[in-house]
Amino acid sequence: MNFAEKLLKLRTQCGYSQEALAEKLNVSRQAVSKWELGTTLPETDKVITISEFFNVSTDYLLKDKFQLSNNDSLDRVVLKFLGSAQDMDNISKELVEIMKDGIIDDEEKIKMESIIDTLDAISKIIDEIKHKIYVH
């Protein structure tokens with residue numbers, strides 16, 4: 001899923017019109033429309049504002065998925081995995097926050113989708129490490 005699809009999904013799941021979201025982000029409705037159509041991307045500061053507004057990571061918004069190359073050495077793939085340590089730390093904190101009240105509401109389900117996407121990407125890195133260890 002790309003940025004445009006994720007923004008549309010977040011906006012509609014939270015029940016905002018393009019106009020209402022534009023007001024919250026201090027941009028025009030046309031800007032939101034262009035972002036959702038994928039014709040433009042928001043400036044960096046707006047990406048941060050969007051991530052804070054929907055309580056998702058900028059990684060979730062911007063990364064389609066981790067791209068692993070068969071040409072990467074084992075060392076390089078392990079470094080990619082280590083780079084995921086920050087994501088894993090954030091996931092732990094987010095899960096604790098989500099489970100505080102023992103109930104997962106609609107907003108928390110959106111956060112869980114972001115967590116699942118991140119874990120899927122990390123899982124792909126782990127699979128690549130396994131492949132490099134056992135095949136080479």
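Here is how the numbers come out for the structure above:
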| read-out | value |
| --- | --- |
| For the chain, accessible area per residue (1.4 Å probe, heavy atoms of protein chains only), Å² | 63 Å² |
| Estimated dipole of the chain in Debye, rounded to 20 [Cβ of Lys and Arg +1, of Asp and Glu -1, Cα centre] | 360 debye |
| Environment charge at LYS93 (Cβ cut-off 12 Å; Lys +1, Arg +1, Asp -1, Glu -1) | -2 |
| Kyte-Doolittle mean at least -1.0, axial Cα span of 18 Å or more - DSSP H helices of the chain | 85-98, 106-135 |
| Simple label model, 7 Å out from Cα along Cβ direction - LYS24 to THR40, nm | 2.1 nm |
| Two-decimal Rg/Rh across the range 1-127, once Rg and the Kirkwood Rh are taken from alpha-carbon atoms | 1.01 |
| Rel. contact order, % - alpha carbon contacts under 8 angstrom, at least six apart, the range 1-51 | 34 percent |
| Relative contact order for the chain, counting Cα pairs under 8 Å that sit 6 or more residues apart, in percent | 26 percent |
| Spatially proximal aspartates and glutamates relative to LYS124 (Cα-Cα < 17 Å; intrachain offsets below 8 disregarded) | ASP59, ASP64, ASP72, ASP75, ASP87, GLU113 |
| The chain: calculated mean residue ellipticity at 222 nm from DSSP helix runs of at least 4, using -39500 (n - 2.57) | -22500 deg cm²/dmol |
| When each of LYS63/LYS130; LYS6/LYS109; LYS9/LYS109; LYS63/LYS93 is checked by Cα-Cα distance, pairs over 19 Å | LYS63/LYS130; LYS63/LYS93 |
| Surface share of carbon and sulfur [accessible, 1.4 angstrom probe, percent] for the chain | 52 percent |
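The values are calculated or read from the model by the stated rules, or taken from the named source; none is laboratory data. Computed from a predicted model, the values in this text were never measured in an experiment. Cβ sites come from the backbone with ideal geometry, for glycine too, and all protein chains shown count toward neighbours. Surface accessibility is based on the protein's heavy atoms, side chains included, excluding ligands, DNA and RNA. Shrake-Rupley method; radii C 1.70, N 1.55, O 1.52, S 1.80 Å.
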